[in-house]
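Have a look at the structure below, then the notes.
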Amino acid sequence: MPTPVPRWTDRPPDVKELHILWITAGLSCDGDSVSVTAAEQPSIEEVLFGAIPGLPKVHLHNPVLAAEVGDEFMEHFYRAERGELDPFVLVMEGSIPNERIKQEGYWAGWGTDPDTGQPITTCEWIDRLAPKAWGVIAVGTCAAYGGSSSPDSPPEDFRS
């Protein structure tokens, strides 16, 4: 009798755990985060609870879906910035404002810089995390194509 060929799902994944750092601090809604909860093939629960054979343990850090809030939630992002969270994938939801065109302040920020006490802009987070990420994913039309946060805003005011 021939020896059966093992299926890829019969062996443990090469990557044991994977963190997904999901930023929704762009200039749009969280509709794509909400739509993830309606997925069925597989469901978000199946992915997060390890029900998919061969898939690594997935840790989703999304502000819409997370139980943590404030500093406890942001700690995953600070750890990734310091190189202490590996591997991770960066997901961006929402149009990304062009911070270079403002006269003062900032368009969109998320979390606080522990050294300065100032907000960290969405653009700064992308610059800090993207080079360290296994991959960067733009989720939704606004993140992928720039979106339009106001009817009189020129397209160059937003980037993807």
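The values are calculated or read from the model by the stated rules, or taken from the named source; none is laboratory data. Since the model is a prediction, treat every value here as computed from it, not as a measurement. Positions of Cβ are generated from backbone atoms using ideal geometry, with glycine treated the same way; all protein chains shown enter the neighbour counts.
Considering only residues in region 116-139 that are of a type in the set (S, T, Y) and within 19 Å of the chain's Cα centre (by Cα), the one that is surrounded by the fewest Cβ atoms within 10 Å (Cβ to Cβ) turns out to be T121. As for region 72-95, it holds at least one residue that is surrounded by fewer than 16 Cβ atoms within 10 Å (Cβ to Cβ), over 21 Å from A133 (Cβ atoms) and not hydrophobic (A, V, I, L, M, F, W, C). Residues that are of a type in the set (A, V, I, L, M, F, W, C) and closer than 23 Å to T122 by Cβ were ranked within region 45-66; the one that is surrounded by the fewest Cβ atoms within 10 Å (Cβ to Cβ) is A66.
With respect to the conditions (1) under 19 Å from M92 (Cα atoms); (2) touching a Leu at 6+ places or on another chain (Cβ under 7 Å), P63 lacks only one, and its number is (2).
Checked against the criterion of being under 22 Å from G31 (Cα atoms), modelled with pLDDT of 90 or more and touching a helix residue (DSSP H, G or I) at 6+ places or on another chain (Cβ under 6 Å), the candidates M92, M74 yield just one match: M92. Can P13 be described as out of contact with any helix residue (DSSP H, G or I) (no Cβ under 6 Å at 6 or more places or on another chain), in contact (Cβ under 8 Å) with a residue 24 or more places away in the chain and crowded, with 17+ Cβ neighbours inside 10 Å? In short, no. Checked against the criterion of being among the aromatic types (F, W, Y), in a helix (DSSP H, G or I), surrounded by 14 or more Cβ atoms within 10 Å (Cβ to Cβ) and out of contact with any His (no Cβ under 7 Å at 6 or more places or on another chain), region 100-115 contains not a single residue that satisfies it.
List pairs: first in region 57-84 and in a loop (DSSP other than H, G, I, E, B), second among the basic types (K, R), Cβ under 7 Å, 6+ apart or cross-chain? Close Cβ pairs satisfying both conditions: G83/K132.
Residue under question is G109, and the condition is that it be under 17 Å from the mean Cα position of the chain (by Cα) and farther than 30 Å from D14 by Cα; does it hold? In short, yes. Those residues that are closer than 15 Å to L60 by Cα, among the hydrophobic types (A, V, I, L, M, F, W, C) and touching a strand residue (DSSP E or B) at 6+ places or on another chain (Cβ under 6 Å), I need them from region 12-41; list them, please. If the condition is that a residue be closer than 15 Å to L60 by Cα, among the hydrophobic types (A, V, I, L, M, F, W, C) and touching a strand residue (DSSP E or B) at 6+ places or on another chain (Cβ under 6 Å), then L18, I20, L21, W22, I23 are the ones that fit.
In region 20-44, the residue that is surrounded by the fewest Cβ atoms within 10 Å (Cβ to Cβ) out of those that are in contact with a Phe, Trp or Tyr (Cβ under 8 Å, 6 or more places away or on another chain) and part of a loop (DSSP other than H, G, I, E, B) is L27. V69 meets each of the listed conditions (1) modelled with pLDDT of 85 or more; (2) more than 16 Å from L129 (Cα to Cα); (3) touching a strand residue (DSSP E or B) at 6+ places or on another chain (Cβ under 9 Å); (4) among the hydrophobic types (A, V, I, L, M, F, W, C) apart from (3).
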